[in-house]
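Right, one structure below, let's go through it.
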Amino acid sequence: MDKIRHIAGKVDQLLHMFPAVAVIGPRQCGKSTLVKQLRPDWKYYDLESPDDYQLITDDPIAFFTLNTDKVIIDEAQQYPDLFRVLRSVIDENRKLKGRFLLTGSSSPEIVKGITESLAGRIATVEMWPFKQTERFDQPLPDLYERILSGADGIEAFSDLSTSMTLAHSMQALLQGGFPEPVLESESNDLYQAQWMDNYIANYINRDIRGLFPKLNIHVYRRFLSLLAHHSGHQLNMSSMARALETTVPTIKEYLDIIHQTFLWRNVQPFSNNPLKKVQKSNKGFFRDTGVLHHLLKINQLDALLVHPVAGFSFESFVTEELIRGFQSTMATQLEYSYYRTVDKSEVDFVIEGTFGVIPIEVKLNTVVKRQALRGLEGFISDVKCPYGIVINRGKRVEFLSERVVQIPVQYI
């Protein structure tokens, strides 16, 4: 049975507001399954199917004359002209909502097509591999609405509850969230590694080679392996360029490509603190920790926890879980960043929205020492935040100080 995804309700609401909705994200994260679940009675066309591609591209005007609404078009990036054609189709009856549902993956083309041709006519929703609560059939945690409601103090988190366990969270951390290997691995331990090998090979040999034919595929493959050791870190592009015997502009190009193809997330530094001099280097991480651990050849939790990457991997996992949680809501104007000053005061993750600025520190340990809160409390004081959050492997929600609350990873 297909699992219910947290963004399903959001996509449904947006279909009642806009003529078209696009669900974008990495390959194999469940987009096709979701759109078919949401609108099972709509006509479905897959542009990676030669027959469907020919049907639409041979005469798109004729196709949309016959199919004016209730149409799902999967892998829309395969036909970039589609967005221009859709614009004229939608404008013929601009007030009619919920006509088209598109999906797109692994391509800057879909984002470009949406922004240039369909601005104001389409809502875009980003999808991801399973969030930990989706994997274990749990609802979206209360945490997100508590933050988005703009509650003034940390008392809002005192009665948070969860049906998740720490073991659930650690399993999700190790394996990541791509639906197929997660579900198949329940009956076949060997499946995850085989699937990941094929996924990464297809990503490089099909998506990257097809989208960027002039790219040096061999260097890009080495770049992926190198990047696995930098996930969760500030990025020193000069040292990365030296390691790959290439140039800094090439590294910048690769980082842009891997971010746009949904495998990696670039995180900007938070700079809105006039009291401190802030480091401006970008930071980033693999969006799926299963991909990260496969590239690092880590396939057991015990091996992960003693590996030098453990703390960075846990931070990447928590950060992405939080972003997925917020993206499951109808919240807008959200910004994500990290914070580090030249004197090494830092906060792992900062979220900004209409509710204000909330700093979040991520710790792999189960117990947080008071000394470890200095950077977080300094940020709260400088930026005048209502509170800060520590996410770790603790057993329960606890108030660590007047303005800092501990929320265990199984609650997010």
(message) Whether any residue in the stretch 356-366 is touching a residue at least 60 places away in the same chain (Cβ under 8 Å), in contact with a Gly (Cβ under 6 Å, 6 or more places away or on another chain) and at negative phi is what I want to check.
(response) no
(request) Quickly run through the stretch 85-132 and pick out the residues that are crowded, with 18+ Cβ neighbours inside 10 Å and in a loop (DSSP other than H, G, I, E, B). (result) Gly98, Arg99, Ser105, Ser106, Ser107, Leu118, Arg121, Met127, Trp128, Pro129, Phe130, Lys131
(message) I'd like to check something: does the stretch 267-289 contain any residue that is touching a residue at least 60 places away in the same chain (Cβ under 8 Å) and assigned to a helix (DSSP H, G or I)?
(response) yes
(request) Exactly one condition in (1) in contact (Cβ under 8 Å) with a residue 12 or more places away in the chain; (2) surrounded by fewer than 16 Cβ atoms within 10 Å (Cβ to Cβ) is not met by Pro249; state its number. (result) (1)
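Here's the yes/no breakdown for (1) among the small types (Gly, Ala, Ser); (2) under 24 Å from the mean Cα position of the chain (by Cα):
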residue: Gly30; (1), (2): yes, yes
residue: Thr33; (1), (2): no, yes
residue: Asp51; (1), (2): no, no
residue: Gln54; (1), (2): no, no
residue: Val71; (1), (2): no, no
residue: Glu75; (1), (2): no, yes
residue: Gln78; (1), (2): no, yes
residue: Leu86; (1), (2): no, no
residue: Leu101; (1), (2): no, yes
(request) Can you confirm whether the stretch 361-370 contains a residue that is part of a strand (DSSP E or B), closer than 22 Å to Asp142 by Cβ and touching a strand residue (DSSP E or B) at 6+ places or on another chain (Cβ under 8 Å)? (result) yes
(request) Go through the stretch 186-203 and count every residue that is within 17 Å of Arg27 (Cα to Cα) and either charged (D, E, K, R) or not assigned by TED's automatic domain parsing to the domain that holds Leu224 (or both). (result) 1
(request) Report yes if Leu82 is within 22 Å of the chain's Cα centre (by Cα) and buried (at least 16 other Cβ atoms within 10 Å of the Cβ), otherwise no. (result) no
(request) Inspect the stretch 319-327 for any residue being touching a Phe, Trp or Tyr at 6+ places or on another chain (Cβ under 7 Å), among the hydroxyl-bearing types (Ser, Thr, Tyr), part of a loop (DSSP other than H, G, I, E, B) and in contact (Cβ under 8 Å) with a residue 12 or more places away in the chain and give the result as yes or no. (result) no
(request) For the stretch 252-266, name all the residues that are assigned to a helix (DSSP H, G or I), within 15 Å of the chain's Cα centre (by Cα) and crowded, with 21+ Cβ neighbours inside 10 Å. (result) Ile258
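The values are calculated or read from the model by the stated rules, or taken from the named source; none is laboratory data. Everything numeric in this text was worked out from a predicted model, so none of it was measured. Virtual Cβ from ideal backbone geometry, glycine too; neighbours counted across all protein chains shown.
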